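The values are calculated or read from the model by the stated rules, or taken from the named source; none is laboratory data. Computed from a predicted structure; not experimentally measured. Don't worry about glycine lacking a Cβ; one is built from the backbone with ideal geometry, like all the others, and counts go over all protein chains shown. The accessibility values were calculated without ligands, DNA or RNA, using every heavy atom of the protein model including side chains. Shrake-Rupley method; radii C 1.70, N 1.55, O 1.52, S 1.80 Å.
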Amino acid sequence: EQEQEQEIEIEKYADLAYSRDNEQPTPWLFSKLSNTEEDNTEWGCDEKKGMFYEATKFRLYKRQPLTLPPHVLISHNYFNRAWSGARRIKNVVMVLEWIPNVNKLKSCPDMVAIDERLIKILDEHLENLFSLFEQKRIGSNYNGLGLHQVRQLIFAAFGVTPSEEELIGSIANVGGILKDNNNYEISKEGLRSLLLNSKHRMSEKGRYFVALSLAEAETIRRIMHLRLEKSLIEGSFTACALRCLPSDFDIFDSSFGFQEPEQYQRDCTEQIFSFLDCKTYYDGYQSNLLLKTLQLNEQFERQSFFSSVISCRRRLVQSWRETPISEPLLFRSEFDLLIRVSQAIAIRNTLILNGITIESAFSDFDISQDGLLQLEELWFAMNWLGIEPTESEVVEFFEAADADRDGVINLREFKDTIKYKIENAGFKHIKPIKRDKRRIISNEIKLIPVEHIQEIKTKLNSVKGRIKKQRQDEKDISEIKIAEEDERILDEMDIESEASLGPNPRFESNPVGVVFDFSRHRLPKGVVASSPKGFEFFPDSSKGKNFIHIESQTYL
């Protein structure tokens, strides 16, 4: 109870650090929802006249925004870009799905395009991806990728399982060749085109999603109830729905004439708002979608944005590096993540082809027979399965599978990686080959010399150490950049402060002396603290200035 009371006191005290000035809600005309962007730009980015602004312009005070899809908007009453100083950020609870004119909806590719940098990353992985899905891997006499491989590739890349008709259409769109017995095959260039194809990245132009304040959502819901079975706005073709983010983005209410969006657009938008709400736990499909929406931003930009936003929320600030949000923040692009998922699918395909159960494979690959897979044992497993990964890929695959971070992979983690997370990848189409042609793991694994095992272990540990150092260097560089960003903001605030309040400290002639002002956002020039973290500034809105709190045993 004492600890809880202390936490409450700390929370109350920390709240003083956040300004609440000018947070009165600003009313807007509901009839403006019938205006499209082309008809009236007032709903856009005008802080004085507008209702909403594009999420790509959402940023904290003096911070940098992220590039986000143009159909994602923020209400000024949720977060006003004109606010200054540190602010507590509201949770994203209610989202308005808004169609200004249902007759002007137009299907189009995802409006966050894949740029040249991302295409270059895809080309780095293309050869590897092609070999992982090639038909010959599952005993076929055909070259390239067949119908079932394309199904698995689409699942790995987009998290969806297409129908037979959709598959054939996808293959035809990228120049696939029809062989005998309804067999298809696509080339390496076809694979490239398939991954860049807009078919699985469809959105609708003319449909918007807006983060609302709770008061706005409540008012809009009342209007919807008043306008049941008739146009939401008289004489218009406007339609709306209210979605609840904590409730799986389900629709709570919708107006007359509302139409459901493209699934890709709906799911991507849910992940964007979850990201803005600082959610840290995502499943594989959600993580993949979030990475797709963020990948036009450099990793540091994503990390800096997320760190600054989560620091302004009333919740436990846990290291994001230890949670699933780390994938969208650390991976360069969706194609880096695709390699890992594709490797897991290729492992499962080979096991099924040889009639080997996951449990049996785990036991046979466990060379030391201690019930756990070591790093070097995974290397032998992946190579036996024909994956032929680089040492770095083995280390990264191992670390991704090692969910509890204890340095080994247990059976549950192995199953999660090559079964449960990819269950819908279409494995029922993979048929085991004849028994006399199957490979037996134990017969080959047992023949590996101890010296070779030790050699591989030493090499992998060296690569693991190098990757660990590289990540630490990247983390250090990221923290330095964030510190430089913080310093830049303080310098800008200094300039603004001195322009309005004069220098700090300042000389006064009557009475003669030097005045040190501790009611600003940082220490006066020439003043240092015995402990860099031993003091904090908090705004006192009632007096219109800051005060400084100095911890015990810290002096200036």
Considering only residues that are at pLDDT below 90 and open to solvent by 80 Å² or more (accessible area, probe 1.4 Å), look in the range 452-476 and name the one that is nearest to Val394 (Cα to Cα). Arg471
If a residue must be in contact (Cβ under 8 Å) with a residue 12 or more places away in the chain, within 16 Å of Ile418 (Cβ to Cβ), open to solvent by 40 Å² or more (accessible area, probe 1.4 Å) and part of a helix (DSSP H, G or I), how many such residues does the range 361-403 contain? 3
Answer yes or no as to whether Thr293 is within 21 Å of Arg201 (Cα to Cα) and touching a Cys at 6+ places or on another chain (Cβ under 8 Å). yes
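Restricting attention to the range 24-34, does a residue exist that is more than 30 Å from Ile482 (Cβ to Cβ) and at pLDDT below 80?
Restricting attention to the range 24-34, the residues satisfying the condition of being more than 30 Å from Ile482 (Cβ to Cβ) are 24-34.
Then drop every residue that is not at pLDDT below 80, which leaves none.
Scanning the range 24-34 turns up no residue that is more than 30 Å from Ile482 (Cβ to Cβ) and at pLDDT below 80.
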Total residues in the range 127-143, condition at pLDDT 75 or above and out of contact with any Lys or Arg (no Cβ under 6 Å at 6 or more places or on another chain): 7
From the set of residues in the range 237-251 that are open to solvent by less than 40 Å² (accessible area, probe 1.4 Å) and assigned to a loop (DSSP other than H, G, I, E, B), which is farthest from Pro324 (Cα to Cα)? Thr238
Being open to solvent by 10 Å² or more (accessible area, probe 1.4 Å), modelled with pLDDT of 95 or more and over 22 Å from Leu330 (Cβ atoms) is the filter here, so list the residues in the range 262-293 that pass it. Arg266
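Yes/no matrix, rows are residues, columns are (1) surrounded by 16 or more Cβ atoms within 10 Å (Cβ to Cβ); (2) at pLDDT below 90:
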position	(1), (2)
Asn182	no, yes
Glu185	yes, yes
Gly190	yes, yes
Lys199	yes, yes
Glu204	yes, no
Tyr208	yes, no
Leu212	yes, no
Ala217	yes, no
Arg222	no, no
Condition (residue is under 15 Å from Glu396 (Cβ atoms), surrounded by fewer than 18 Cβ atoms within 10 Å (Cβ to Cβ) and touching a residue at least 60 places away in the same chain (Cβ under 8 Å)) applied to the range 335-357: is it met by at least one residue? no
Checking Ala217 against (1) assigned to a loop (DSSP other than H, G, I, E, B); (2) touching a strand residue (DSSP E or B) at 6+ places or on another chain (Cβ under 6 Å), the condition it does not meet: (1)
Filter result (in contact with an Asp or Glu (Cβ under 8 Å, 6 or more places away or on another chain), part of a helix (DSSP H, G or I) and not hydrophobic (A, V, I, L, M, F, W, C)) within the range 252-269: Tyr264, Gln265, Arg266
Do we find that Ile74 is assigned to a strand (DSSP E or B) and either modelled with pLDDT of 95 or more or in contact with a Cys (Cβ under 7 Å, 6 or more places away or on another chain) (or both) in this structure? yes
Among the numbered criteria (1) surrounded by fewer than 14 Cβ atoms within 10 Å (Cβ to Cβ); (2) closer than 30 Å to Val394 by Cβ, which one does Gly502 miss? (2)
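May I ask you to list the residues in the range 239-294 that are over 21 Å from Ala425 (Cα atoms) and among the aromatic types (Phe, Trp, Tyr)?
Kept after step one, since they are over 21 Å from Ala425 (Cα atoms), are these residues of the range 239-294: 239-262, 265-266, 269-281, 293-294.
Residues satisfying the conditions are Phe249, Phe252, Phe256, Phe258, Phe273, Phe275, Tyr281.
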Can you find a residue that is open to solvent by 40 Å² or more (accessible area, probe 1.4 Å), farther than 30 Å from Val150 by Cα, outside any loop (DSSP other than H, G, I, E, B) and small (Gly, Ala, Ser) anywhere in the range 308-328? no
List the pairs whose first member sits in the range 420-444 and is in a helix (DSSP H, G or I), whose second member is modelled with pLDDT under 75, and whose Cβ atoms are under 9 Å apart, counting only residues at least 6 apart or on separate chains? Lys437/Gly139
What number of residues in the range 66-88 are open to solvent by 10 Å² or more (accessible area, probe 1.4 Å) and of a type in the set (Val, Ile, Thr)? 1
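Which one of Glu536, Glu484, Glu492 is loosely packed, with under 11 Cβ neighbours inside 10 Å and either at negative phi or in contact (Cβ under 8 Å) with a residue 60 or more places away in the chain (or both)?
On the way: Glu536 fails: loosely packed, with under 11 Cβ neighbours inside 10 Å; Glu492 fails: loosely packed, with under 11 Cβ neighbours inside 10 Å.
Only one candidate qualifies: Glu484.
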